[in-house]
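**Student:** Okay, here's the structure, questions in a sec.
The values are calculated or read from the model by the stated rules, or taken from the named source; none is laboratory data. This is a predicted model, so every value here is computed, not measured. Backbone-built Cβ (ideal geometry, glycine too); neighbour counts: all protein chains shown. Only protein heavy atoms, including side chains, enter the accessible area calculation; ligands, DNA and RNA are left aside. Shrake-Rupley method; radii C 1.70, N 1.55, O 1.52, S 1.80 Å.
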Amino acid sequence: MNGQAKLLVKFMSGADNRYIIPVYQRNYDWTQKQCKQLFDDLVQVSQTERKRHFFGSIVSTPASGGSGSDFLIIDGQQRLTTVSILLVAVSNLISAGKVACSDPMLVRYIRENFIVDVYASDERKLRLKPIKDDCRAFDKLVDGDEEEFERDSHVTQNYDYFCTRILSGEITPEKLVDAIKRLEIIDIFVEQDENPQLIFESLNSTGLDLTEADKIRNFMLMGLDAETQNEYYEKYWNKIERFTDYHVSDFLRHYLTLKQKRIPNINAVYFTFKEFVRKQGLSPDSYGSLLSEMLFYARIYGRIAFVGDLGWAVSRKITATLRRLSLIDVSVSYPFLLALFSAMEKGEISESEVEKSLECVESFVFRRILCALPTNALNKIFCTLDSDIRRLNKNGFPYSSVLVYVLESKSGSADFPSDKDFALAIREKNVYKMQKKNKQYLFDRLENKDSVERVNIVELMDSDDEKNRLTVEHVMPQTLSADWKRDLGENWKTIFETRLHTLPNLTLTGYNSKLSNERFLKKKEIEHGFRDSGLNINKIFLKFEKWTEAEMNERTNALVSEMTALWPYPKTDFVPPADSLDEVTLESADDLTGRKLVSFQYASEPMQKTSQWVDMYTSVAKMIFYEDYAPMIAIASSKKMAEIAFNKDGDSSWFGLGQGIFLYKANSTVAKLRVLEKIFDAYGKDKSELVLSLQPEKPAES
């Protein structure tokens, strides 16, 4: 086996080389997502002076029984097939006169070097031979008869995508082919006497895959000269790694969320970063300033994620709150916290404002946990929270006041639970079955409050040493004796079923086995019982002589008073300006009939101004369609949605998305939103990715 760097076109050409995808390989499965990334990369390459752009590796071996120029593709078939499809698209469009080309020899160059083996004696003369169904679809593309194209094949769908991009005119055919010529691969050739399967397994299963951060580091540094590479690595990247405790991929995901107001897929941080760099118009010459900004946020990230010192002179209250938040793992809030502490570091807000903001965030998150509101709603909330505050705060109100207003304005799945809802959860929630980390956080906060003299509840609840471990104790035990039933009274069964696992009946002890199912007075007076306990949480039991529903209610009232003070529902005197726009997401949009649209933003696409609901509706549907044709084609084929259909050309009630797919547009605003919801569901998209800005509603006349 030997490998060498080589231009892809050098690998693909050759007098009579043919490349066969073995039947044991998976089918061609690249979607528009990967094709978009490739095309975007090629456009970017064409705009630079870079001579080469790395495109991965291709592993090949001689095909047994074939000619000396037949090669099996062991690894890399997706890349090889995709570039072949793209070259066919270029060739067909030029030949059909659909795109202008100044080079009269370009079609011949493409077909004879990369598509057709003119010297082959076989009936099929194409250089690439994909697997069965893919092969048939590819051959029909080369034939060029569109009526015969296999529309349900990824091969054809990606061909259509490439045609659309080429026809858009963003790059000429000549420049596109020139960019393809700059793609570089590692050509790994396996000799015939070697075992290609073992080599394939070795290449794909040994060692560690590159992380998203590794890919981003390589993307930023590889194109620089050696001296600048070393300078940037030492000055920026190495420090970013250390400040983030080498959790660079996680940090970059939060950084991108902060910058783009949307959360990248955890496995697509690298591609999202590349797209971010492209949209910012950044070139390698400006990577130094970008790395400097990333380092600034990495330092903040390390402080909030690991609550380490790192030379950070902040108040004890900030540190204590961050430590508590780390117990319940609110990493979803990191994009907001990056913005919050960035503003403090830049002197835009005071340390006191940060303290108040953190207190509000902690109350908001924990009240939602206790009230069992869905955690996935927090993603969008914290993703845009800082920008929501800044959008509303036109008159210099304290940051924390506007924060409180924004969070308390949420409703539905994004609600900030009221004191009434919080009190109900304290009384009724099954706290015993809560997640371990949330239970530990709760008891730690109840025990220590804001005291400097702390008992490390979390460490004691986590201890492996039974003699030094705290466990949750049911005051009214999980198994009732006859004495307990008599003590509870005639309603013992209802009390037991409704109150057993609720917070008022729970406490902590290091002597659970000793207390066991004993009656209340014995639990109180026994050695190591409640009277001997050194925990503040157990002091309330000293005032009781029995444990019935009345005592449980008394403790409930005490907990409600205590917990609404520890996790307050904050107050604010902020009133938004009269001209502030209302923002709703597709997820939260109800009946918007009669509301005036001002603008909309889908995902990370630029905000678009329009007052026409139909413009928003068709634009969003088209953007989603061009991300991936397949789901929309499936919807039209299945006829499950009457609003999406084939071949409605000429009917003004329908809007053409492309590829013969049409969207019904002569419907109401409410109907348009419902159609978009169904499209988002079909694509598995988060409905909060579509944000609508509306004129504020006029107050009702008195």
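**Student:** Keeping all protein chains in the complex and leaving out DNA, RNA and ligands, what accessible area do you get for Leu392 with a 1.4 Å probe, in Å² to the nearest 10?
**Tutor:** Estimated to the nearest 10 Å², Leu392 gives 20 Å².
**Student:** Once fully extended, how much extra length lies between Lys33 and Met641, figured as 0.36 nm per residue of separation less the alpha-carbon to alpha-carbon distance?
**Tutor:** Residue separation times 0.36 nm, minus the Cα-Cα distance, leaves 216.5 nm.
**Student:** Can you find, among Val88, Thr471, Ala423, the residue sitting farthest towards the positive end of the charge dipole of the chain, where Lys and Arg contribute +1 and Asp and Glu -1 at Cβ?
**Tutor:** Of the listed residues, the answer is Ala423.
**Student:** Here's a follow-up. If one computes the Cα centroid of the stretch 330-380 and of the stretch 658-700, what distance in Å separates the two points?
**Tutor:** 30 Å
**Student:** Hey, another quick one. What does the helix-only formula give at 222 nm for the chain: each DSSP H stretch with n ≥ 4 adding -39500 (n - 2.57), the total divided by the residues, and the result rounded to the nearest 500 deg cm²/dmol?
**Tutor:** -14500 deg cm²/dmol
**Student:** I've got another one for you. With labels modelled as points extended 7 Å from the Cα through the Cβ direction, what inter-label distance (nm, one decimal) is found for Glu293 paired with Ile526?
**Tutor:** It works out to 6.3 nm between the two label points.
**Student:** Using 1/(1 + (r/R0)^6) with R0 = 60 angstrom and r between the beta carbons of Lys493 and Arg26, what's the FRET efficiency to the nearest 0.05?
**Tutor:** In this case the efficiency is close to 0.50.
**Student:** For the ranges 286-294, 489-497, 661-669, what's the packing order if you count other beta-carbon atoms within 10 Å of each residue, average per peptide, and put the highest first?
**Tutor:** Values: 286-294: 15.7, 489-497: 12.8, 661-669: 18.2.
Result, highest mean Cβ count within 10 Å first: 661-669, 286-294, 489-497.
**Student:** Where a ≥ b ≥ c are the square roots of the eigenvalues of the C-alpha gyration tensor, would you call the stretch 299-431 rounded, which needs a/c under 1.5, or, failing that, prolate if a/b is larger than b/c, or oblate?
**Tutor:** Oblate, since a/c reaches 1.5 and b/c is not below a/b.
**Student:** Sorted from largest down, what three extents in whole angstroms do the Cα atoms of the chain have along their principal axes?
**Tutor:** Sorted from largest, the Cα extents of the chain read 100, 74, 54 Å.
**Student:** Can you bin the stretch 499-585 into rounded, prolate or oblate? Criterion: square roots of the alpha carbon gyration tensor eigenvalues sorted a ≥ b ≥ c, rounded for a/c under 1.5, prolate for a/b above b/c, oblate for the rest.
**Tutor:** prolate
**Student:** Could you order Tyr109, Tyr441 by accessible surface area, starting with the largest, using a probe radius of 1.4 Å?
**Tutor:** Working: Tyr109 70, Tyr441 0 Å².
Result, largest first: Tyr109, Tyr441.
**Student:** At 1.4 Å probe size, with every protein chain present, just tell me what the per residue accessible area of the chain comes to in Å².
**Tutor:** 48 Å²
**Student:** To make sure I understand the rule: partners must be aspartates and glutamates, Cα under 12 Å from the Cα of Lys6, and not fewer than 8 residues away in the same chain. Which ones qualify?
**Tutor:** Reachable aspartates and glutamates: Glu184, Asp187.
**Student:** Would you work out which of Gly144, Tyr301, Thr556 lies farthest towards the positive end of the dipole of the chain, given +1 charges on the beta-carbon of Lys and Arg and -1 on that of Asp and Glu, about the Cα centre?
**Tutor:** Of the options given, the answer is Thr556.
**Student:** What is the magnitude of the charge dipole of the chain about its Cα centre, with +1 placed on the Cβ of each Lys and Arg, -1 on the Cβ of each Asp and Glu, and no other charges, expressed in debye to the nearest 20?
**Tutor:** 1280 debye
**Student:** Roughly what angle does helix 132-143 make with the longest principal axis of the chain, taking Cα atoms, 0 to 90 degrees, to the nearest 10?
**Tutor:** Helix 132-143 sits at roughly 50 degrees to that axis.
**Student:** Also, quick follow-up: Rounded to the nearest 5, what % of DSSP beta bridges with both residues in the chain are antiparallel?
**Tutor:** Numbers: 33 of 44 bridges.
In the chain, DSSP labels about 75 percent of beta bridges as antiparallel.
**Student:** Also, I was wondering about something else. Of Thr172, Asn158, Cys135, which is farthest on the positive side of the dipole of the stretch 133-176, counting Cα position, with +1 on Lys and Arg Cβ, -1 on Asp and Glu Cβ, and the Cα centre as origin?
**Tutor:** Final value for the positive-end residue is Thr172.
**Student:** Rounded to a whole number, what % of the accessible area of the stretch 549-600 do carbon and sulfur atoms account for, probe 1.4 Å?
**Tutor:** Carbon-and-sulfur percentage of accessible area, whole number: 50.
**Student:** So, one more: Charges at C-beta only: +1 for Lys and Arg, -1 for Asp and Glu. How large is the resulting dipole of the stretch 323-389 about its Cα centre, in Debye rounded to 20?
**Tutor:** So the magnitude is around 340 debye.
**Student:** Give the distance, in whole Å, between the Cα centre of the stretch 472-495 and the Cα centre of the stretch 411-454.
**Tutor:** Centre-to-centre (Cα) distance: 25 Å.
**Student:** Shifting gears a bit: Determine the gain in length on full extension of the stretch Asp419-Thr164; use 0.36 nm per residue of separation and subtract their C-alpha separation, reporting nm with one decimal. The partial results should precede the final answer.
**Tutor:** Numbers: separation 255, 0.36 × 255 = 91.80 nm, distance 5.54 nm.
Stretched fully, the Asp419-Thr164 segment lengthens by 86.3 nm.
**Student:** Using the alpha-carbon atoms, what tilt in degrees (0 to 90, nearest 10) does helix 419-428 show relative to the longest principal axis of the chain?
**Tutor:** The two axes meet at around 80 degrees.
**Student:** So how strong a dipole does the stretch 580-692 carry about its Cα centre when Lys and Arg Cβ are +1 and Asp and Glu Cβ are -1, to the nearest 20 debye?
**Tutor:** 340 debye
**Student:** Now, a different point. Hey, what angle do you get for helix 629-638 against the long axis of the chain, alpha-carbon based, 0 to 90 degrees rounded to 10?
**Tutor:** Once rounded, the angle reads 80 degrees.
**Student:** Then there's this: Between Phe54 and Lys609, what is the FRET efficiency for a Förster distance of 41 Å, r being their Cβ-Cβ separation, to the nearest 0.05? Each step should come with its number before you reach the end.
**Tutor:** Values: r = 40 Å, r/R0 = 0.97.
Given R0 = 41 Å and the Cβ-Cβ separation, E is 0.55.
**Student:** Computed FRET efficiency, Cβ-Cβ of Arg151 and Asn512, R0 45 Å: what is it to the nearest 0.05?
**Tutor:** 0.10
**Student:** For Lys439, which aspartates and glutamates qualify as cross-link partners when the Cα separation must be under 14 Å and same-chain residues fewer than eight apart are set aside?
**Tutor:** Counting by Cα, and skipping residues close in sequence, Lys439 has these aspartates and glutamates nearby: Asp329, Glu447, Glu459, Asp462, Glu473.
**Student:** Report, in listed order, any pair from Lys437/Lys543; Lys523/Lys546; Lys36/Lys181; Lys380/Lys687 with a Cα-Cα distance greater than 20 Å.
**Tutor:** Table pairs above 20 Å Cα-Cα are Lys437/Lys543.
**Student:** By accessible area of protein heavy atoms, probe 1.4 Å, what ranking do Thr244, Thr564 get, highest first? Walk me through the numbers on the way to the answer.
**Tutor:** Working: Thr244 0, Thr564 35 Å².
The ranking, largest first, comes out as Thr564, Thr244.
**Student:** Report in % the part of the accessible area of the stretch 400-507 that belongs to carbon and sulfur, leaving out ligands and nucleic acids; probe 1.4 Å.
**Tutor:** Ligands and nucleic acids excluded, carbon and sulfur give 45 percent.
**Student:** What nm value, rounded to one decimal, do you get for the distance between Asp122 and Leu542 when each label is placed 7 Å out toward the C-beta?
**Tutor:** About 9.0 nm, to one decimal.
**Student:** Further question: From the protein chains alone at 1.4 Å, what is the descending order of accessible area for Asp483, Asp444, largest first?
**Tutor:** Sorted by accessible area, descending: Asp483, Asp444.
**Student:** Oh, and also: Measure off 7 Å from each Cα along the Cα-to-Cβ vector at Asp225 and Asp573, then give the distance between these two points in nanometres to one decimal.
**Tutor:** Result: 6.1 nm between the two label points.
**Student:** Would you work out if the stretch 33-192 is rounded, prolate or oblate? Take a ≥ b ≥ c from the square roots of the eigenvalues of the alpha-carbon gyration tensor; rounded if a/c is under 1.5, else prolate when a/b is larger than b/c, oblate otherwise.
**Tutor:** Since a/c reaches 1.5 but b/c is at least a/b, the shape of the stretch 33-192 is classed as oblate.
**Student:** So who's got an amide H within less than 5 Å of the one on Ile20, skipping anything under 5 residues away but keeping other chains? H placed 1.01 Å off N, in plane.
**Tutor:** Phe71, Leu72, Ile73, Lys129
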